[in-house]
1. Quick one: which residues, 5 or more positions from Leu187 or on another chain, have an amide H under 5 Å from its amide H? H modelled 1.01 Å from N in the peptide plane, none for Pro or chain starts.
2. Relative to the Cα centre, what is the charge dipole magnitude of the range 27-110, using +1 at the beta carbon of each Lys and Arg, -1 at the beta carbon of each Asp and Glu, and rounding to the nearest 20 debye?
3. Which value, in Å², gives the accessible area per residue of the range 34-140 when a 1.4 Å probe is used on the protein heavy atoms?
4. Label-point separation (nm) for Glu136 and Arg92, each offset 7 Å from Cα along Cα-to-Cβ?
5. Jot down the per residue volume, in cubic angstrom and as a whole number, of the convex hull over the alpha-carbon atoms of the range 61-184.
6. Exactly which GluC sites (Glu not before Pro) in the range 1-87 are in a DSSP loop and have at most 15 other Cβ atoms within 10 Å?
7. Using label points projected 7 Å from each Cα along Cα→Cβ, tell me how many nm separate Ala150 and Met129, to one decimal.
8. Just how large is the dipole of the chain about the Cα centre, in debye to the nearest 20, putting +1 at every Lys and Arg Cβ and -1 at every Asp and Glu Cβ?
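The values are calculated or read from the model by the stated rules, or taken from the named source; none is laboratory data. Computed from a prediction, not measured in an experiment: that's the story for all the values here. Positions of Cβ are generated from backbone atoms using ideal geometry, with glycine treated the same way; all protein chains shown enter the neighbour counts. Accessible surface areas use protein heavy atoms only, side chains included; no ligands, DNA or RNA. Shrake-Rupley method; radii C 1.70, N 1.55, O 1.52, S 1.80 Å.
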Amino acid sequence: MLDKTGIAKRIAKEVQDGYYVNLGIGIPTLVANYVREDIEVEFQSENGVLGMGPFPFEGEEDADIINAGKQTITTLPGASFFDSAMSFSMIRGQHVDLTILGAMEVAENGDIANWKIPGKMVKGMGGAMDLVASAENIIVAMMHTNRAGASKLLKKCSLPLTGVGCVKKIVTNLAVIEVTDKGFKLLERAPGVSVDEIKKATEGNLIVEGEIPEMNL
């Protein structure tokens, strides 16, 4: 089973040379720490940063340089800062190759719910709506079940949707899963996790074909 760092490491393997990547709040922000050093990647944050680097070491933080989640970040040589209008023109203009988001629920058809739990106060949907509406390649980083042990990979989302039919791949603490026309397709198992454990933790239709390999981190 993976922890949050393990999920980020596995997703980092999906990042390719030359990609422009938007990192959502939570686990996705860790991905920048684990991308291969032999490729060039531009990380974009919707608050107006292009060229984010890894998180700063303790004592080296600059409170003026933050990501969309208000975490202090570093920037790489050549990084640029701009206003929200420019940032969202990049997103809405489909200039981002890969979007990595967290989620509270994902449905077997690729619907995503990641912005609101009814009855709890939130500031708003933020940029998530624009990201899921514009991005062609969306990977979700999430825990497979909630704290009560109930599946977060569902036949149909119960929470208000952020986007419809947009998620392409999911990496959880248990598995790597592709979203297909027929449901969730199991691609890889987390170390030490069996296919049966993944089946039990998945409410939506889970397609299992042949021998499922363990993740290589």
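1. Val176, Ile177, Glu178
2. Magnitude of the dipole: close to 240 debye.
3. 55
4. 2.0
5. For the range 61-184, the hull spanned by Cα atoms encloses 144 Å³ per residue.
6. Counting only loop positions with at most 15 other Cβ atoms within 10 Å, the GluC sites (Glu not before Pro) in the range 1-87 are Glu37, Glu40, Glu58, Glu60, Glu61.
7. According to this spin-label approximation, the distance is 2.6 nm.
8. 1000
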